[in-house]
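First comes the structure, then the notes that go with it.
The values are calculated or read from the model by the stated rules, or taken from the named source; none is laboratory data. Every value quoted in this text rests on a predicted model; they were computed, and no experiment measured them. Every residue, glycine among them, receives a Cβ derived from its backbone with ideal geometry; neighbour counts consider all protein chains shown. To get the accessible areas, we keep the full protein, side chains included, count just its heavy atoms, and leave off ligands, DNA and RNA. Shrake-Rupley method; radii C 1.70, N 1.55, O 1.52, S 1.80 Å.
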Amino acid sequence: MPIITIYQGASGEGQELAESVAQALGYRCVGREVLVEASRRYGIPEAKLNEIVEKGPHWWERLLQDLRPYRVALQAMLCDLGQDGKLVYHGHMGHELLSGIGHVLKVLLTAPIEFRVEQVRARQNLADAAARHYIEEVDKARSRRLMAMFGVDWRDANRYDLVLNMGKMSREGAKRVIIETAKLDEYQPTAASNQAFNDLSLGSRVLATLFASPYARGSALEVYAKGGEVQVKGRVELGLEYEVLNVVKSVPGVNKVTPELYSVPPEGYLGP
């Protein structure tokens with residue numbers, strides 16, 4: 001059975017549906033708590049992580065900071081949780097964090113604006129105008145966030161495998177559709193999809209560990225993992241090449257490291 005990600009805009013029953021699907025399948029259901037665990041594991045301030053994930057930076061702010069450490073930490077954390085495949089993730093980035101993995105079923109929940117307004121009114125005790133404004137602002141923030149972190153628009157239906165109109169479908173009906181879709185051969189793990197997942201997991205863990213290390217802070221590094229072999233490429237501060245390689249070798253699952261590093265002296269180092 002596949003890993004399942006469920007994404008919904010401001011309103012609706014995304015979390016409740018995810019929990020229902022997970023219970024029916026005997027899966028673990030996770031959401032926002034992934035942020036907290038990622039911040040602890042990879043040394044990223046939780047407040048900063050929440051700010052970026054919840055609000056999303058404006059384009060001028062993106063010129064001043066590198067969002068990769070936050071994206072990679074979340075990706076590494078989600079991969080760790082999905083190692084056994086029995087995972088339902090409800091959130092706003094799961095479908096992109098696990099993009100390209102064949103045994104991930106990516107679900108988008110949608111609904112007409114009138115339906116969404118009514119749900120927000122009921123959930124947050126808002127007037128119609130306030131509920132509509134809330135939806136518009138949250139959707140804008142999430143659009144900025146995903147564009148900043150992945151360069152994609154969350155409203156693009158081609159980013160998902162299954163799009164469900166919750167304005168017409170009940171939660172029970174949506175659960176049944178998701179579960180039946182998850183049984184299709186197209187979404188079952190294969191040797192190739194498992195290898196792709198393991199490579200993504202190892203590569204993201206190595207990169208997240210590097211970002212958390214003082215030896216690689218501000219480095220311009222890329223990591224490629226395949227079958228336990230890791231290639232690390234990029235620029236490091238002069239004299240820290242050995243320490244950077246030791247950080248990579250310390251990550252569980254790394255069997256071989258191929259470095260392609262070049263160094264510059266601290267005075268010529270262009271870190272953030």
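Taking the residues in the stretch 215-246 that are closer than 14 Å to D199 by Cα and either touching a Phe, Trp or Tyr at 6+ places or on another chain (Cβ under 6 Å) or assigned to a loop (DSSP other than H, G, I, E, B) (or both) as candidates, determine which candidate is least open to solvent (accessible area, probe 1.4 Å).
So the residue we want is G228.
Please verify whether the stretch 49-69 includes one or more residues that are open to solvent by 10 Å² or more (accessible area, probe 1.4 Å), at pLDDT 90 or above and in a loop (DSSP other than H, G, I, E, B).
So far as the stretch 49-69 goes, no, none of its residues is open to solvent by 10 Å² or more (accessible area, probe 1.4 Å), at pLDDT 90 or above and in a loop (DSSP other than H, G, I, E, B).
Sort through L146, L126, L105 and tell me the only one that's touching a Phe, Trp or Tyr at 6+ places or on another chain (Cβ under 7 Å) and open to solvent by 40 Å² or more (accessible area, probe 1.4 Å).
Answer to the check: L126.
List the residue pairs whose Cβ atoms are under 8 Å apart, where the first residue sits in the stretch 149-169 and is of a type in the set (S, T, N, Q), the second is not in a loop (DSSP other than H, G, I, E, B), and the two are 6 or more positions apart or on different chains.
Going by the 8 Å Cβ cut-off, the qualifying pairs are N165/T110.
Of all residues in the stretch 78-98, how many are modelled with pLDDT of 90 or more and within 26 Å of K140 (Cα to Cα)?
Of the residues in the stretch 78-98, 8 are modelled with pLDDT of 90 or more and within 26 Å of K140 (Cα to Cα).
Which one of these does R205 not meet: (1) free of Cβ contacts under 8 Å to residues at least 24 places away in the same chain; (2) within 22 Å of the chain's Cα centre (by Cα)?
So the condition that R205 fails would be (1).
When you go through (1) aliphatic (A, V, I, L, M); (2) modelled with pLDDT of 90 or more; (3) more than 19 Å from A148 (Cβ to Cβ) one by one for V36, which number turns out not to apply?
It is condition (2) that V36 fails.
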